[in-house]
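The values are calculated or read from the model by the stated rules, or taken from the named source; none is laboratory data. The shown structure was predicted, so the numbers you read here are calculated from the model rather than taken from an experiment. When we count neighbours, we look across all protein chains shown, and the Cβ atoms used for this are built from the backbone with ideal geometry, even at glycine. What goes into the accessible areas is simple: the full protein's heavy atoms, side chains included, and nothing from ligands, DNA or RNA. Shrake-Rupley method; radii C 1.70, N 1.55, O 1.52, S 1.80 Å.
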4 protein chains.
Amino acid sequence: MATMQRSDPWSIDVALIGCGDHARLDLLPCLTQIEGVRIDAICDTDEKHLSATSALVRGALTYQDYRVLLAERESLGAIVVAATPQVHSDIAGLAMARGVHVFVEKPPAASTPELTRLAGMAAEKNIITKVGHNLRHSAAYLELCNVVDPGTATIFDVRYITSGPRGDRWNLNSPIRSFLLSHAIHVVDLVLHALGEPVAVSANACHFENGGLLVSGRLSFPNGRLSTIVIGDVGTSFQFDAWAMSSEGLIVHIDSLRSVWCKGLSIKGRRWSEVWTPRPLEAGHKLAGYAGELEEFFAAIASGGRSSPSLAEEIATYKVIDEIHAQIQ
Amino acid sequence: MATMQRSDPWSIDVALIGCGDHARLDLLPCLTQIEGVRIDAICDTDEKHLSATSALVRGALTYQDYRVLLAERESLGAIVVAATPQVHSDIAGLAMARGVHVFVEKPPAASTPELTRLAGMAAEKNIITKVGHNLRHSAAYLELCNVVDPGTATIFDVRYITSGPRGDRWNLNSPIRSFLLSHAIHVVDLVLHALGEPVAVSANACHFENGGLLVSGRLSFPNGRLSTIVIGDVGTSFQFDAWAMSSEGLIVHIDSLRSVWCKGLSIKGRRWSEVWTPRPLEAGHKLAGYAGELEEFFAAIASGGRSSPSLAEEIATYKVIDEIHAQIQ
Amino acid sequence: MATMQRSDPWSIDVALIGCGDHARLDLLPCLTQIEGVRIDAICDTDEKHLSATSALVRGALTYQDYRVLLAERESLGAIVVAATPQVHSDIAGLAMARGVHVFVEKPPAASTPELTRLAGMAAEKNIITKVGHNLRHSAAYLELCNVVDPGTATIFDVRYITSGPRGDRWNLNSPIRSFLLSHAIHVVDLVLHALGEPVAVSANACHFENGGLLVSGRLSFPNGRLSTIVIGDVGTSFQFDAWAMSSEGLIVHIDSLRSVWCKGLSIKGRRWSEVWTPRPLEAGHKLAGYAGELEEFFAAIASGGRSSPSLAEEIATYKVIDEIHAQIQ
Amino acid sequence: MATMQRSDPWSIDVALIGCGDHARLDLLPCLTQIEGVRIDAICDTDEKHLSATSALVRGALTYQDYRVLLAERESLGAIVVAATPQVHSDIAGLAMARGVHVFVEKPPAASTPELTRLAGMAAEKNIITKVGHNLRHSAAYLELCNVVDPGTATIFDVRYITSGPRGDRWNLNSPIRSFLLSHAIHVVDLVLHALGEPVAVSANACHFENGGLLVSGRLSFPNGRLSTIVIGDVGTSFQFDAWAMSSEGLIVHIDSLRSVWCKGLSIKGRRWSEVWTPRPLEAGHKLAGYAGELEEFFAAIASGGRSSPSLAEEIATYKVIDEIHAQIQ
């Protein structure tokens, strides 16, 4: 005879707010793989998104208005939000007011003051927050960190070229601000994760005929540590490279998140490198970091681990973005 | 106010039988992404597997005995099975007797006569069957097929090296048979998918001190088409390469399922190739083919498309395996 | 009966001055492959270098003092010089005074005023000069230029990491100047060749514990074109990458001078790139550009083509180096 | 004052017979880099080849008839021959009769009996001979040998695809024989160098509409060692891959002679490989093995080292070719 499965030792009711492609294809499959996570409700203003997502999560209630959801679902322990910066702020504020933990996609807010206000609220209410910077959790970056402790890296350079989107979005009335909050934010987060807070920022931009933008930036850190970043939305496909250098000259290169090259340690000689590649049949969302970021967030709720970057930690990233913004305008 | 989501236009109750790592990590996330699929029940003799899987599928009933499950779950439309060859046969037989469609992992049976018996039963009962040969659905192989129609390929070579398992398993009392049914079966399926049924098979084996095996085989096809295969369980990690050649000499090379090289078509000149790589942030199970194989199976049930290889089509693969077996003993 | 071969339609007597490893292994084999070039004399203060080189060039006279060589070898049409910056200036001056054409390795002079003086002399005497910037002639860079006309490129970035030498050399009494004249000069030449003369230069440096240096620089060009350069002597092996971007967003990437990736043009789709690789059995000095730079120089002498960069063109490169020098001190 | 260089401690007069592209571009630059080698004479029936080569070797006498050359140049110590198989035999016979050492390009003879006759003559006259199998001396293969001693390899597979030439040549009246003596000979030599003489050979061929040929072969060696070879002239560019496997399952893969991958030894874990790549600025003929094969030959003459494969050692290669020939006809 069949028996209904007993509840897990630990479980939490979660609402997924914003059910677009990223939420449905990248986040949802990871959520359903975390033990203890019960997707209690989903929410999207768009009926089609809501319906497509609902078909994948049997038993979850559906909402079109997150205010109603937050008001009604009393058992909620956490929300996972993937919407627009202004909506992120609003939802996060409402959820934190209720004591609900918040995982929010980047950008978590449209401005630094707004982000600072939210971070203050999280501190006050003792809320666990996390901004969805998946690159920190990507398999390639984790392998890099195993080889060179970013805390001791002398150099950390990133080259990040996407194929868009371009131009103004999110009602920011600024293509440059849109660019910085949607593209540059990934790179700045990673650099700050690796090297800490910079002491100086320098940047210049090239504007393309096709509306695209390319920013060349340089961040200086205490003790002369340096980061060179190139960020563009002018490519025809997404390309990502990063290089860390240890103080001994060991170079670790992430090539498109698909391989990690380590140059300078091989016992076989100078022309031998070591290279990591994922398993050919690697499946799931570990490579891109979507699994890891959500696992870390819920582990922090369940057992008190670290969830990073919190809204408070994100402020440093916004300040660098503001500085780049000022320089390239 | 929240509303429970209406049922989809099409839906089917599915049981997942066998909840080991492959089922839980590779198949389950794909099942939960197919609209209309309702995981009604899960089954495993191992309590731990059952419990871990249950935590991810809210509402599914749990069973430890598939006979009980098949007897009790009257609404079942299909089963997805990932167990051992003898159990595959047994479950498939019981399910088909009830009119339930069957997706079964390879190897679907321990012997060719047994497979033939099952295929006959499927034909008689008009059951949709599919053996889980995910490589056919891998992104890299699909890209290859876009470039060279395998039906017109002159050559299709595969090099497949795994790191194990080695030795006897599944109570087959034969390390060679175990090797052929767990490793060679992938390669033979792909070659037959590309070139059809061979007219002659030739093989030789090298036995390693560490218990490993490497088989070098050659399959001849009508019109002189040729396939050279090298299959081993002696590596330290999984490596997969395949080469197809068109009658004009165009070579398409799958390198570790992570890139596809096309040599001979570039307008830029002879030393230019074209190469496909997945998106750096590609997430999910499309690369490995786990998503595609299950989608095809359920699409065939929902709307009558093709589900391949069926148990009947798998017989040709078993015959080649038997021939290799006879030659390398 | 044997016959002595008639002299070529065109021939020139050449002296190779400086017979160290670079001259003997990189330049000499190219010189002996250029029709019409007769190596009349070789010169090195080091007996061992002279003797080793002499064994490879039957019939060439040997000198230890280039002043004596230049005084005695009246038939000389050109010299190929590979020594130190101060010696380069001195030899070039003496040769040009005699009307002898000059191919000189970089750096051609220790300072910008000295270089300017030499360039003036070349103009006055109508001498053909060329500085040995082999990267301009490397197979990879030529392929890049075939795909994106550097004259229309919007972006040209270079990442250049060597394993040394480090520290002060050539009696320059400045490790930074030594770094700039031996390493950065390659990169600056290539960027200026691609984008022309910059309107602004910005740079910062990171000093390594092991004495190494890494410079992060940014050059701005008319119409907002931009170049980001990273140059270091802190690696464990030589690594070279360059990226050019057309105004349409086509990206061409030179990966270690061994492959050229072209992203954004493939008719097969967005995830397909085109990639150039040299022939597996490519032999000789074409890949590195040593053959091409010497061929261009002698072709200019023989038939009046262009030989670039001349000493005069090199001045722009020195000015950028001076600007970087000022900023990172 | 200039002084003529004293003669080396050791020197030898050499004739280059056959001055086609391979001789002029691949062999000659290596000859001029070997200390002690004096190119005394060159020979080609084609005036154009002779003249182009003569312009590069000042002082060498030129001949159009190798019989005259061999009769007249009394000081000759060795010849380097690059012509056709029948001419190879004839020249080698004449030279050995005079006691002159012989480096001959492959194929050294049109048939096994002819090769056996020449090998007997070399033994009788105590002549140092070497067949120009450059792949043995390629940088990539030497790196492979450093990692896996081919003498202990269990498996050695080669995949060798060229873009031609195709069809009958050298008056052999057999496209298959032409294919085997011009293409397969490289692969068979390498396999025999790695694994020794085979105990059994099995082969099959696919004939292409465009006149091309692809051979799939399998060689068995004592103790169950195995080699799978795929050789074709049907590509659009040259591609070369080789895999050696140690008895412990370490795999070393030569990828297009441009990188060597070593899988299974890294201390970093299973997904880390070690990879060798040449220096980006690697110049000269070391990569392709042209420098090494000639250096070995002259070192054997100068100081009695090993020169391999000799004509006698080449016989085993011809026997395998004959066996493949018999099977694919």
*Report, to two decimal places, the Cα Rg of the range C:29-118 normalised by 2.2 N^0.38 Å (N = number of residues).*
1.09
_Kirkwood Rh (inverse of mean 1/r, distinct Cα pairs), the range C:179-329, angstrom_ = 17.8
*Have a look at the range B:24-38 and report residues whose accessible surface goes down by 40 Å² or more when the remaining protein chains are included, against the chain on its own, probe 1.4 Å, ligands and DNA/RNA excluded.*
B:Thr32, B:Gln33, B:Glu35, B:Arg38
*Grab the alpha carbons of the range C:1-157, take their convex hull, and tell me the volume per residue in Å³.*
170
*asked:* Could you tell me which residue out of A:Cys262, A:Val199, A:Val104 lies farthest along the dipole of chain A toward its positive end? Charges go on the beta carbon: Lys and Arg +1, Asp and Glu -1, centred on the Cα centre.
replied: A:Cys262
*Which percent of Cα-Cα pairs in the range C:152-267 sits in each 10 Å bin, short to long?*
13, 42, 31, 12, 2, 0
*What percentage of all Cα-Cα pairs in the range A:284-329 are separated by more than 17 Å?*
54
*Go through D:59-66, A:10-17 and give me the packing order, highest mean Cβ count within 10 Å leading.*
A:10-17, D:59-66
_Let me check the size of the range C:94-170 from its C-alpha atoms; what are the radius of gyration and Dmax in Å?_
16.5, 43
*Counting partner chain Cβ atoms within 10 Å of every residue's Cβ in A:223-234, what's the average?*
5
*asked:* Let me confirm one metric for peptide A:198-206, namely the mean number of other chain beta-carbon atoms within 10 Å of its residues' beta-carbons.
replied: 3
*Between copies, how close do the A:Gly269 label points come, placed 7 Å along Cα→Cβ, listed in nm from shortest?*
2.9, 3.1, 4.1
*Exactly which trypsin sites (Lys or Arg not before Pro) in the range A:274-329 are in a DSSP loop and have at most 14 other Cβ atoms within 10 Å?*
A:Arg306
*What are the radius of gyration and Dmax of the range C:87-216, computed over its Cα atoms and given in Å?*
16.6, 48
_If each DSSP helix of 4+ residues adds -39,500 (n - 2.57) and the sum is divided by the residues in chain B, what number results at 222 nm, nearest 500 deg cm²/dmol?_
-9500 deg cm²/dmol
*Determine the gain in length on full extension of the stretch D:Ala316-D:Asn173; use 0.36 nm per residue of separation and subtract their C-alpha separation, reporting nm with one decimal.*
49.2 nm
*On the accessible surface of the protein assembly as shown, probed at 1.4 Å, how many percent belong to carbon and sulfur atoms?*
50
*asked:* Give me log10 I(q)/I(0) at q = 0.11, 0.13 Å⁻¹ for chain D, Debye formula, one equal scatterer per alpha-carbon, no solvent.
replied: -0.74, -1.02
_Interface size B-D, as summed buried accessible area [1.4 Å probe, Å², nearest 100]_ = 3500
*Run the dipole for the range C:1-119 about the Cα centre, Lys and Arg Cβ at +1, Asp and Glu Cβ at -1, nothing else charged, and hand back the magnitude in debye, nearest 20.*
160
*Which whole-number percent is the relative contact order of the range D:183-329 (Cα, under 8 Å, 6+ apart)?*
19
*Alpha carbon centroid spacing (whole Å) that separates the range A:72-111 from the range D:143-169*: 60
*Å³ per residue of the Cα convex hull, for the range B:217-302?*
202
*Calculate the mean, over all residues of peptide D:242-252, of how many other protein chain Cβ atoms lie within 10 angstrom of the residue's Cβ.*
5
*So which GluC sites (Glu not before Pro) in the range A:43-75 pass both tests, a DSSP loop state and at most 12 other Cβ atoms within 10 Å of the Cβ?*
A:Glu74
*Roll a 1.4 Å probe over the protein chains and send me the accessible area per residue for the range B:212-306 in Å².*
28
*Convex hull volume of the Cα atoms in the range D:154-206, per residue, in Å³?*
105
*At a Cα cut-off below 26 Å, give the lysines reachable from A:Lys268, other chains included and same-chain residues fewer than 8 away excluded.*
D:Lys263, D:Lys268, D:Lys286
*Based solely on C-alpha atoms, express the radius of gyration and the Dmax of the range C:32-82 in angstrom.*
10.8, 29
*Which aspartates and glutamates have a Cα lying under 15 Å from the Cα of D:Lys48, excluding residues fewer than 8 positions away in the same chain?*
C:Asp8, C:Glu35, D:Asp21, D:Asp65
*Tell me which aspartates and glutamates have Cα within less than 13 Å of C:Lys319's Cα, excluding those fewer than 8 residues away on the same chain?*
C:Glu114, C:Asp189, C:Glu197
*asked:* If the only charges are +1 at each Lys and Arg Cβ and -1 at each Asp and Glu Cβ, what is the size of the charge dipole of the range C:223-272 around the Cα centre, to the nearest 20 debye?
replied: 340
*Where nothing but the Cβ of Lys and Arg (+1) and of Asp and Glu (-1) is charged, how large is the charge dipole of the protein assembly as shown around its Cα centre, in debye to the nearest 20?*
0
*Computed log₁₀ I(q)/I(0) - Debye formula, equal Cα scatterers, no solvent, the protein assembly as shown, q 0.07, 0.08 Å⁻¹*: -0.83, -1.04
*Relative contact order of chain C, pairs being alpha-carbon contacts under 8 Å that are 6 or more residues apart, as %*: 18
